[in-house]
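Structure record follows, encoded as structure tokens.
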Amino acid sequence: MKTFPRVTPAYITTLADNEIFVFGSNIHGMHGGGAARLALKWGAIMGQGVGLQGKTYAIPTMFGSVGEIKPYVDELICFAQQHPNYHFLVTEIGCGIAGYTPEDIAPLFARAVTDDIQNIWLPERFVKVITGIDKGK
């Protein structure tokens with residue numbers, strides 16, 4: 001079976017110079033828990049809930065519906081296409097404190113796979129939902 005080569009590491013503890021940590025945030029940028037709290041060490045800015053911040057990129061997930069999250073994911077995808085020198089390591093945004101599942105959120109990233117956007121890396125569970133492909137099989 002074919003593999004999907006760009007899978008975000010399960011645990012991110014360091015970032016290379018060209019890597020961007022993509023995390024779920026709340027719209028007000030109160031990065032108090034989960035991946036948002038971890039993002040503070042790489043430049044996430046308290047009070048900024050969207051977009052590039054240091055070596056991080058925030059996607060708000062703590063409000064509304066999956067449909068309301070989609071424009072922010074689309075914005076990340078466009079941003080990544082405009083900045084091919086960066087590798088965007090997407091975490092399981094929305095699948096922690098926000099309470100969504102990979103089945104809810106992963107389809108929002110389908111374009112990153114179907115358009116083969118080389119600088120977007122996705123969590124293994126998102127890849128499985130989008131492609132049905134298991135990493136390494």
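Structure summary
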read-out: Scan of region 113-137 for residues that are of a type in the set (V, I, T) and either modelled with pLDDT under 90 or outside any loop (DSSP other than H, G, I, E, B) (or both), ordered by number; value: V113, T114, I120, V127, V129, I130, T131, I133
read-out: Criterion: surrounded by 23 or more Cβ atoms within 10 Å (Cβ to Cβ), farther than 14 Å from G24 by Cβ, under 12 Å from the mean Cα position of the chain (by Cα) and among the β-branched types (V, I, T) - qualifying residue of I77, I120; value: I120
read-out: Matching residues in region 69-85 - criterion: being charged (D, E, K, R) and within 21 Å of G34 (Cα to Cα); value: K70
read-out: Subset of region 31-53 (residues that are at pLDDT 95 or above and either touching a helix residue (DSSP H, G or I) at 6+ places or on another chain (Cβ under 8 Å) or assigned to a strand (DSSP E or B) (or both)); value: A44, M46, V50, G51, L52, Q53
read-out: Region 83-100 - residue that is out of contact with any helix residue (DSSP H, G or I) (no Cβ under 8 Å at 6 or more places or on another chain) and within 21 Å of Q53 (Cα to Cα) and, of those, surrounded by the most Cβ atoms within 10 Å (Cβ to Cβ); value: L89
read-out: Conditions (1) closer than 15 Å to T91 by Cα; (2) without any contact (Cβ under 8 Å) to a residue 24 or more places away in the chain: number failed by M46; value: (1)
read-out: All positions within region 54-71 that are of a type outside the set (A, V, I, L, M, F, W, C) and touching a helix residue (DSSP H, G or I) at 6+ places or on another chain (Cβ under 9 Å); value: G54, K55, T56, Y57, P60, T61, K70
read-out: Condition broken by R37, with the remaining ones in (1) in contact (Cβ under 8 Å) with a residue 12 or more places away in the chain; (2) basic (K, R); (3) under 16 Å from K55 (Cα atoms) satisfied; value: (1)
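For every residue, the table says whether it meets (1) closer than 17 Å to N119 by Cα; (2) out of contact with any Gly (no Cβ under 9 Å at 6 or more places or on another chain).
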site: E19; (1), (2): yes, yes
site: A44; (1), (2): no, no
site: Q48; (1), (2): no, no
site: Q53; (1), (2): no, no
site: A58; (1), (2): yes, no
site: T61; (1), (2): no, no
site: L76; (1), (2): yes, no
site: H87; (1), (2): yes, yes
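The values are calculated or read from the model by the stated rules, or taken from the named source; none is laboratory data. Quick caveat, the model's predicted, so the values are computed rather than measured. Neighbour counts are summed over all protein chains in view; Cβ atoms, including those assigned to glycine, are modelled from backbone coordinates with ideal geometry.
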